[in-house]
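S.K.: Dropping a structure here in structure tokens format, bear with me for questions.
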Amino acid sequence: MSASQTDPMVGRLLDGRYQVRARIARGGMATVYLATDLRLERRVAIKIMHGHLADDAAFRDRFIQEARSSARLAHPNVVNVFDQGQDSDMAYLVMEYLQGITLRDLLKEYGKLTPEQTMDIMEAVLAGLAAAHKAGIVHRDLKPENVLLADDGRIKIGDFGLARAATANTATGQALLGTIAYLSPELVTRGIADTRSDIYAIGIMMWEMLVGDQPFKGDQPVQIAYQHANEQVPAPSSRNSGVPVALDELVLWATARDPEQRPRDARAMLDQLFETQNLIREGLGGVSTTTQRTMVLPSAPSPTTTVHQSAETTVIPRGSRRTGPVAIESATKLASTVQKRHRRGFWLFGLFLVFAAAIGGTGLYFGAGPGASVPIPSVAGQDVATATATLEKAGFLVGGTEEVFDWRTDPGLVSATDPAAGAAVVRDTPIRLFVSKGAEPLPVPALAGQPEDVARTAITDAGFTGTDDPAREFNADVPAGTVLRATGADGAQLGEGATYPERQPITLLISAGPVPVVSNIPVGDAEQRLRDAGFTVERGASEYDNSGEVPQDNILRLDPVLDDAGAPRPYRVGDTVTIHLSLGQDLVAVPNVVGLSWTNAKPKLLNAGFAIDYNTAADALPSVEVTATDPEGGDFVLRGATISVEF
């Protein structure tokens, strides 16, 4: 049996809209499923956070951050995120579904790629990443698993789960959640991530595509991280002699240990990739030799920098070298530089081992001294005073408050922080508190008169939650399945245009059509019709009534159903109804007069329409009591029958 067949999510309907079809992949944070968007009738990929992480505020915030980061991007080389929501206790993202494989799958199948294939794939990846960098987003987890190759030829970057807004120094203790083989030196040693950290990961990916393996290996993550922190990535041609010199130098530029010596962002590297492609097509890209020529690549040229090029060497004016070009050393010079850096790096190795031991080799978090990065504690759900005290105790400053709508958090309590809880920042960093105003009041859409499925969709689209089992009321004037009215959690009716808190439940009252006709039909048939319509049927203590028109044992009438105030209300599915049957002739119940004085008993029998057979001497004794009647009190007899009385 396949994993999809045993997965309880397969076949489930999320938020009444997304039908889960099959499991695609499973990661450490979430599982991805193939699903159908029933509203738009299209296939989508749904990423559902693992249940054991749903209660972790840091993971939940990171999951929501992925939706926000991706939603800010609209680029053909970035996987689109369509929706984000929560069903019961499951947080999920709805993404564009691409049928195909990942770059990792391609490398597993072919080992390594040709320079041409590498440049084609990197052109698409860098284009998508350039859009992210332009939007101020650092991906922080670039690796072959997150590059999707669709069957129709499209190439897209996905999984912005670790993405954050880029600043000059975006620090994060979570940085090492990225795959260790692609982490830049500054991430390993300082926990600092910016656009150039993404460029380093791109360079490692290119190296792996050209060589078929990763540049640094080790039995433990700490060994790989140490090499990234202290060693220069070698030229790909040292492992694959077929790599052109121009690609060698592009990879070395991207993987420079000093971030200042790398391209400033994906746009700068993409521009140089185009130049490299042109050089290789024109036969000027070179083939790896023992003595490599030097090619000068721009790091962050200013608009005023003038660049002069020849066929062999790009020359940058001397005055621009501080902010612009970085020369990639020849193999001999590079080896010498690496040796010098090795000697300088030994003291870092000792420090690195201390930190690695502190976390048991499962992750790498660095922080010591007054300038160290520490995680922001979660203060969600606390009042402002308590949250302020919690943050100050952890070494942070509270940099003001801002009121926001948040349906998950009671008004007056802290909803979230900026930076988010769990993010690692330097002590004394001002933390902004977002204080909940409660759920946002939203306008209620038109629901009365709509078919049930249309109304349910309108409720979800408007930002509310529909109840699973709406009440159904019999109404002869409104077709079955049509909404009669909508009510809120307090039972108050919600008309079109009324405001109602976001994500709160709306209950629909649906027409069940007319009440089944049961008058003057046999009791067995009537009871079956009523049960089929959803009623519970019972017979009252006095179930028979007289009727000269309705045959005996046919239904004469139904008792009304009363509301809480005791007034009759319309019948609803699930109600209990009491039925009354016909006796079929004019029968009258004999009054019970036993124990009454003859003065009181005689008029009672006469007024009921009966003749009386009795000892007339009793008329002279008005206080004498009746001891028996025949027929007895309560028996049904024909109106006008004679009743025998004994004293």
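The values are calculated or read from the model by the stated rules, or taken from the named source; none is laboratory data. Keep in mind that this is a model prediction, so the values were computed, not measured. Here the Cβ positions follow ideal geometry from the backbone for every residue, glycine too, while neighbour counts run over all protein chains shown.
S.K.: So, in the range 65-92, of the ones that are at pLDDT below 70, under 13 Å from the mean Cα position of the chain (by Cα) and crowded, with 16+ Cβ neighbours inside 10 Å, which residue ends up nearest to Pro419 (Cα to Cα)?
M.R.: Looking at residues that are at pLDDT below 70, under 13 Å from the mean Cα position of the chain (by Cα) and crowded, with 16+ Cβ neighbours inside 10 Å, I get Gln65.
S.K.: What pairs come up if the first residue lies in the range 376-389 and is farther than 12 Å from Gly412 by Cα and free of Cβ contacts under 8 Å to residues at least 60 places away in the same chain, the second is surrounded by fewer than 17 Cβ atoms within 10 Å (Cβ to Cβ) and among the hydrophobic types (A, V, I, L, M, F, W, C), and their beta carbons are under 6 Å apart, counting only those six or more places apart or on different chains?
M.R.: Within 6 Å, the pairs are Pro377/Ala394.
S.K.: Look at the range 240-268 and say how many of its residues are in contact with a strand residue (DSSP E or B) (Cβ under 7 Å, 6 or more places away or on another chain) and among the polar types (S, T, N, Q).
M.R.: Here the count works out to 1.
S.K.: What are the pairs with Cβ atoms under 7 angstrom where one residue, in the range 456-473, is in contact (Cβ under 8 Å) with a residue 24 or more places away in the chain and the other, located anywhere, is among the hydrophobic types (A, V, I, L, M, F, W, C) and part of a loop (DSSP other than H, G, I, E, B)? Sequence gap at least six, or different chains.
M.R.: Arg472/Ala512; Arg472/Val573; Glu473/Ala512
S.K.: Check the range 429-444 and report whether any residue there is at pLDDT below 85 and either more than 27 Å from the chain's Cα centre (by Cα) or surrounded by 14 or more Cβ atoms within 10 Å (Cβ to Cβ) (or both).
M.R.: yes
S.K.: Here is a follow-up. Inspect the range 190-208 for any residue being modelled with pLDDT under 85, in the same structural domain as Arg267 (by TED's automatic domain parsing), among the basic types (Lys, Arg) and closer than 23 Å to Gln227 by Cα and give the result as yes or no.
M.R.: Yes: the range 190-208 contains one or more residues that are modelled with pLDDT under 85, in the same structural domain as Arg267 (by TED's automatic domain parsing), among the basic types (Lys, Arg) and closer than 23 Å to Gln227 by Cα.
S.K.: Give Thr409, Thr417, Thr386, Thr401 a once-over and let me know the one that is of a type in the set (Val, Ile, Thr), crowded, with 19+ Cβ neighbours inside 10 Å and over 30 Å from Arg190 (Cβ atoms).
M.R.: None of the others qualify; the one that does is Thr409.
S.K.: Got a sec? Which of Gly128, Gly111 is surrounded by fewer than 15 Cβ atoms within 10 Å (Cβ to Cβ), of a type outside the set (Phe, Trp, Tyr) and at pLDDT 90 or above?
M.R.: Gly111
S.K.: Out of all the residues in the range 610-633, which are closer than 23 Å to Leu583 by Cβ and out of contact with any strand residue (DSSP E or B) (no Cβ under 6 Å at 6 or more places or on another chain)?
M.R.: Glu632, Gly633
S.K.: Still on this structure, please answer the following. I need the full set of residues from the range 384-428 which are aliphatic (A, V, I, L, M), modelled with pLDDT under 85 and more than 28 Å from Gln86 (Cβ to Cβ), in order please.
M.R.: Selection gives Val426 alone.
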